[in-house]
Every structure is written in C-alpha cells, then in structure tokens.
Amino acid sequence: MGHYSSSSMNPITRITRSPFLLVIVSLTCFFLLFYIFTTSPSSPTKPNFLRTSNTNQPHLNPNVHYSFVDSLELFLKKWSISGSRHLPEDTVSDPETEEQQQVRKLDDLIWKTETARLYDDEQSSFFSPPVRVYVYEMPAKFTYDMLQLFQSTYKETFNLTSNGSPVHRLIEQHSIDYWLWADLIAPESERLLKSVVRVHRKEDADLFYVPFFTTISFFLLEKQHCKTLYREALKWVTDQPAWKRSEGRDHIFPIHHPWSFKSVRKFVKNAIWLLPDMDSTGNWYKPGQVSLEKDLILPYVPNLDLCDAKCLSESAPRRSTLLYFRGRLKRNAGGKIRSKLGSELGGADDVIIEEGSAGEAGKIAAQSGMRKSVFCLSPAGDTPSSARLFDAIVSGCIPVIVSDELELPFEGILDYRKMSIFVSSSDAVQPGWLLAYLRSIKPTQIKEMQYNLAKYTRHFLYSHPAQPLGPEDLVWRMMAGKLANIKLHSRRSQRLVKDSRSICMCDCKRPNVTVTVTVTTPLPP
C-alpha cells in the first residue's frame with residue numbers, strides 16, 4: 001500500500017484542505033474583481049445608487065430626494081397646486097419682510113458693538129496714531145482781534161439781524177472755530193484729547209488748521225471791511241508753501257455759518273470745510289464747493305441749557321405735550337415746509353406750534369416747552385439744518401426731523417435713528433399722518449430713545465478743555481477717516497503731467513441724495 005508524504009502534496013490540494021486559507025483566497029479574488037469592475041473606463045465614476053430613486057436603496061432616507069429630477073418634479077407640482085406664484089395679499093402691507101428683519105437685526109448688533117467700543121474705551125482714539133495738526137500763527141487781526149471784538153460788543157443785544165435774531169447769539173451758535181482752536185493751542189499738559197496732537201513743524205503735519213474767525217468778521221465788521229479782510233486772509237493762506245504743495249487739500253477752514261467767507265470761497269474749494277450742513281440745493285454753496293468726501297458737518301452750539309439724565313428722568317412723567325415747535329414759521333427755500341406744517345398741526349390739543357424769536361424771552365419759552373414735550377419738531381430752515389435740532393437733543397425731547405436734504409454731524413460714529421424720528425416732507429404734510437404716526441410709537445420705544453438722548457448729549461457739548469467724546473474729539477476721529485483720501489488727491493495732483501485729465505472731485509458728483517425705488521406692479525408669474 002503506498003503512502004503520501006505532506007511535502008509531496010500539490011499546493012492547491014493543501015489550500016483546499018485548509019478552510020482558513022480558502023476564505024482568505026476567496027476574499028482576495030472578490031476585492032480584485034470589484035476593483036477591476038469599478039475602475040473600468042466603461043463603468044460610472046460614482047456609485048450608481050446616488051442617481052436612482054430611493055425605492056431600490058433601502059439604506060437611504062426615504063424622506064430625502066437625492067435625484068434632481070424627482071425633487072424638481074415634486075417641487076413644481078406643489079408650486080402649481082398652492083398657486084404660490086403670487087404673494088398672498090396680507091403680506092403686501094407687511095412692514096418688514098423676513099429679509100428686512102434680518103438686516104435690521106444685524107444693523108442693531110453692529111450698532112451695539114460700535115457703541116460698546118466707543119464708550120468702553122473713550123479715552124483712546126479709534127485711529128492710531130492721532131491726527132497731527134499744524135496750527136497756523138496768523139496775524140492777530142484774523143484771530144485775537146476778532147475774539148476781542150466779540151467780547152467787547154456781545155452785550156449789545158439790540159443788534160439784530162434782518163429776521164430778528166440776535167447777532168451775538170448767532171455767533172455763539174456757530175462758534176466752532178473758537179472751540180477747536182482753543183483746544184489745539186492749549187498747553188499739551190492741559191489737553192485731554194488723544195485723537196489729535198498739535199505739531200510745530202510743517203513736515204510733521206497731516207493737516208493744517210486755518211484759525212480765521214469767519215463768522216465774527218462777517219457779523220461784526222462793516223461789509224467792505226469784512227470783504228477786504230477775507231481777501232487778505234485768502235492771500236496770506238494761499239501764499240504758504242504747504243498750501244501751494246497740495247493746493248489746499250489738507251487745509252481746514254472753519255466756515256460754519258452759511259454766509260461767512262462767501263466772497264472768496266471759490267478760491268478755497270479744494271480745502272476741507274467745517275460746515276453746519278451740505279445744502280445740496282445750491283442756495284448757499286455753489287456746485288463743486290462742498291461734498292461729504294472732503295468736508296465735515298459740525299453741530300451748532302446748543303442755545304438751551306442741558307437737561308441731563310437725572311433731569312430727563314424727573315421730567316419724563318410731566319411731558320404732557322406730544323409735539324412742540326417754537327420758531328419762525330416763514331422761511332426761505334426748503335424752510336417753506338414750516339408754514340405748511342404749522343397749518344396742518346396747529347389745531348391739535350396736545351400739540352404746540354407757535355411763532356417765536358431767538359431772544360432771551362424766546363430762549364426761556366423754548367426751554368420750558370421742550371422739557372414738557374415728548375417730541376420736538378425739527379423742520380428745515382433757510383438751510384436744511386437748524387440749531388433747533390441740538391436744542392431738542394440737550395432738552396431730552398425726541399427730534400422729529402423733517403428735512404429731506406439734511407446731513408448730520410458725526411454720522412460715521414453716531415446713529416441718529418436711535419434717538420430721532422425721520423419723516424419725509426411729503427408724508428409730514430399729509431392731513432393727519434404725522435400725529436397718527438407719532439401716537440403709534442410704543443412707550444417702550446420712546447423710553448429707549450430718551451435713554452439714548454441722555455447718552456448722546458455729551459457729543460454736542462462744546463467745552464474747554466475739550467472732553468473725550470465731545471464734539472471736538474469727534475471732529476478728529478472723523479477727520480482721521482478722511483486722511484488716506486486727502487493724501488491720495490494731494491499726491492495725485494502733484495504728479496499729474498501737463499494736459500493730463502484733471503482730478504474728479506465733488507464738482508462732478510451728484511448731490512447727496514438717497515433714492516428709494518418702490519416696485520408698484522407685481523412681477524410676472
């Protein structure tokens with residue numbers, strides 16, 4: 001009988017007699033065949049189940065459509081059945097869509113963040129390093145002599161303008177040239193602001209400040225004397241090497257009264273103007289003279305005493321008047337809205353609309369009326385702006401601004417919507433519209449706006465020494481944001497060759513107008 005030894009067995013025979021080895025070989029063959037099949041050029045590049053319906057793929061979620069064709073078919077079927085190609089009627093008058101609510105929510109969050117940054121670190125500037133300003137030492141006739149002239153004559157209250165306003169009260173309202181200059185030239189050890197530093201070498205300066213008191217000279221000098229002084233100031237400044245270098249683009253002129261420096265403005269249109277508003281209607285500033293790109297809006301000096309947070313809290317329960325206005329009802333240009341508002345609003349029981357002057361008696365009456373009112377009407381005057389807006393703010397009376405062309409001070413930092421009501425002129429004169437709108441505002445919103453008024457008041461109180469977050473401080477914080485653009489235009493003007501295209505500044509821009517487009521016809525299905 002023959003015997004087989006293990007060493008003489010066929011390798012295949014040994015594998016088939018070992019179950020473990022048989023399993024290993026089978027799995028290897030299976031994976032090899034799968035790899036060859038799935039990587040074949042004729043096979044799909046993705047697993048087939050991703051392109052089929054869920055009926056044959058029990059491992060997929062039956063409530064999810066992975067097929068574009070199936071999903072689209074169901075979508076169009078539901079769309080057709082519901083008839084949702086047309087908006088439901090009750091959504092047409094909805095004051096805010098979901099998208100608008102999201103925008104408003106984001107806007108509120110950004111405002112809270114910016115406000116927190118502003119007040120949490122009020123001693124420092126948003127911008128580093130601080131703005132470096134060279135202050136010209138002009139002859140005394142442009143500076144100290146003007147201040148002495150005002151000091152020696154301000155008690156002459158009988159000196160009135162043609163419309164009855166005390167001249168010296170107007171000078172005070174537009175005295176931003178004094179407040180800025182007094183802070184800049186004060187000893188550094190006495191200054192509190194960190195947003196600006198005075199330099200004594202022209203080569204160190206970002207900006208050049210021209211300390212000419214244009215408003216005082218306009219109101220207190222005889223007409224021809226004033227024009228002569230304007231021409232002399234113009235020649236003095238334009239003869240400076242720094243002016244010639246930039247053609248005045250980095251020079252600051254305080255021209256806060258709309259009549260001041262008027263006869264020579266066209267020669268300094270490249271300079272930075274400190275203004276009460278833009279007045280893009282062209283009544284006060286010629287086209288090409290002013291723009292938000294280069295100029296800065298500064299608040300009037302308030303005419304009334306401050307009602308601080310404590311005063312506002314105590315007076316809130318006694319504010320029984322819904323809407324208050326005291327002033328001149330007949331004005332020019334955009335101010336014609338005043339007479340229309342007077343006729344529309346004058347008959348309501350909880351509304352006070354009265355003619356009044358800006359004298360001492362008028363100040364007392366206005367202060368009393370504003371502190372007894374929830375809202376204060378702030379329509380345009382001869383210009384879009386009015387000192388009344390800032391009187392209302394310091395009185396804790398929520399401004400109702402009816403001035404379509406108005407530009408506001410420090411709007412890059414402050415959000416006036418949090419403490420004011422903005423109404424278009426066309427809405428305000430509609431019978432019954434304005435009062436109905438004001439009465440619809442919730443008490444919680446009124447309380448919040450009054451709180452913001454008390455918080456914002458500090459931004460409109462000029463002082464010496466200038467206080468952090470006061471108007472002087474915000475001037476330089478805003479100015480710092482303009483520096484890069486100022487230097488761009490200055491350097492570009494220096495390198496332009498002969499016959500090259502001139503610089504496009506404000507003279508080729510449209511007025512500062514916000515246009516709202518309303519769709520009045522439904523979209524096609």
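General observations
- Within the range 225-237, residues that are farther than 20 Å from VAL135 by Cα reach partners that are open to solvent by 20 Å² or more (accessible area, probe 1.4 Å) and polar (S, T, N, Q) with beta carbons closer than 6 Å, at six or more positions or on different chains, in the pairs LYS227/SER263.
- Pairing each residue of the range 140-151 that is aliphatic (A, V, I, L, M) with any residue that is outside any helix (DSSP H, G or I), provided the two are 6+ apart or on different chains, yields C-beta distances under 7 Å for MET146/PHE213; LEU147/PHE213.
- Residue in the range 207-227 that is crowded, with 23+ Cβ neighbours inside 10 Å, of a type in the set (D, E, K, R) and on the phi < 0 side of the Ramachandran plot present: no
- The residue that is modelled with the highest pLDDT, among those in the range 143-159 that are surrounded by 15 or more Cβ atoms within 10 Å (Cβ to Cβ) and assigned to a loop (DSSP other than H, G, I, E, B), is THR143.
- The number of residues in the range 308-327 being open to solvent by less than 30 Å² (accessible area, probe 1.4 Å), outside any strand (DSSP E or B) and either of a type in the set (Phe, Trp, Tyr) or out of contact with any helix residue (DSSP H, G or I) (no Cβ under 9 Å at 6 or more places or on another chain) (or both) comes to 0.
- Considering the range 173-199, the residues that are closer than 19 Å to TYR134 by Cβ and part of a loop (DSSP other than H, G, I, E, B) include one that is most open to solvent (accessible area, probe 1.4 Å), namely LYS194.
- Entry remark, the range 132-148: residues being touching a strand residue (DSSP E or B) at 6+ places or on another chain (Cβ under 6 Å) and not β-branched (Val, Ile, Thr) number 2 in total.
- In the range 241-251, the residues that are surrounded by fewer than 23 Cβ atoms within 10 Å (Cβ to Cβ) and within 27 Å of LYS223 (Cβ to Cβ): TRP243
- Condition check for LEU453: over 17 Å from ILE297 (Cβ atoms), in contact (Cβ under 8 Å) with a residue 40 or more places away in the chain and open to solvent by less than 30 Å² (accessible area, probe 1.4 Å): yes
- Subset of the range 231-264 [in contact with a helix residue (DSSP H, G or I) (Cβ under 7 Å, 6 or more places away or on another chain) and charged (D, E, K, R)]: ARG231, GLU247, ARG249, ASP250
- When PHE267, PHE261 are checked against the criterion of being aromatic (Phe, Trp, Tyr), crowded, with 21+ Cβ neighbours inside 10 Å and over 23 Å from ASP473 (Cβ atoms), PHE261 stands alone in meeting it.
- Pair list, Cβ under 9 Å, 6 or more apart: the range 426-437 residue closer than 12 Å to LYS340 by Cβ and open to solvent by less than 40 Å² (accessible area, probe 1.4 Å), other residue at pLDDT 90 or above and in a loop (DSSP other than H, G, I, E, B): LEU434/VAL423
- Some residue of the range 88-97 being hydrophobic (A, V, I, L, M, F, W, C) and either touching a Pro at 6+ places or on another chain (Cβ under 8 Å) or modelled with pLDDT of 80 or more (or both): no
- Identity of the residue in the range 105-142, at pLDDT 75 or above and among the charged types (D, E, K, R), that ends up surrounded by the most Cβ atoms within 10 Å (Cβ to Cβ): ARG132
- Test: residue in the range 377-391 that is among the acidic types (Asp, Glu), in a helix (DSSP H, G or I) and surrounded by 23 or more Cβ atoms within 10 Å (Cβ to Cβ): yes
- For LEU170, the criteria (1) among the aliphatic types (A, V, I, L, M); (2) in contact with a Leu (Cβ under 8 Å, 6 or more places away or on another chain); (3) within 30 Å of ARG328 (Cβ to Cβ) hold in every case but one, which is (2).
- Here ALA348, ALA365 are screened, and the one residue that is more than 18 Å from GLU172 (Cβ to Cβ) and in contact (Cβ under 8 Å) with a residue 60 or more places away in the chain is ALA348.
- Flag for SER260 being assigned to a helix (DSSP H, G or I), closer than 21 Å to VAL135 by Cβ and of a type in the set (Ser, Thr, Tyr): no
Results for (1) open to solvent by less than 30 Å² (accessible area, probe 1.4 Å); (2) in contact with a Cys (Cβ under 9 Å, 6 or more places away or on another chain); (3) β-branched (Val, Ile, Thr), shown as yes or no for each residue.
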{"residue": "ASP279", "(1), (2), (3)": "yes, no, no"}
{"residue": "GLN289", "(1), (2), (3)": "yes, yes, no"}
{"residue": "LEU296", "(1), (2), (3)": "yes, no, no"}
{"residue": "PRO299", "(1), (2), (3)": "yes, no, no"}
{"residue": "LEU306", "(1), (2), (3)": "no, no, no"}
{"residue": "ARG338", "(1), (2), (3)": "yes, no, no"}
{"residue": "SER343", "(1), (2), (3)": "no, no, no"}
{"residue": "GLY346", "(1), (2), (3)": "no, no, no"}
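- Of all residues making up the range 404-419, the number that are out of contact with any Gly (no Cβ under 7 Å at 6 or more places or on another chain), of a type outside the set (D, E, K, R) and in contact (Cβ under 8 Å) with a residue 40 or more places away in the chain: 6
The values are calculated or read from the model by the stated rules, or taken from the named source; none is laboratory data. Quick caveat: nothing in here was measured; it's all calculated off a predicted structure. Quick reminder, even Gly has a Cβ in these numbers, built from the backbone with ideal geometry, and neighbours come from all protein chains shown. Surface areas here come from the heavy atoms of the whole protein model, side chains and all, with no ligands, DNA or RNA. Shrake-Rupley method; radii C 1.70, N 1.55, O 1.52, S 1.80 Å.
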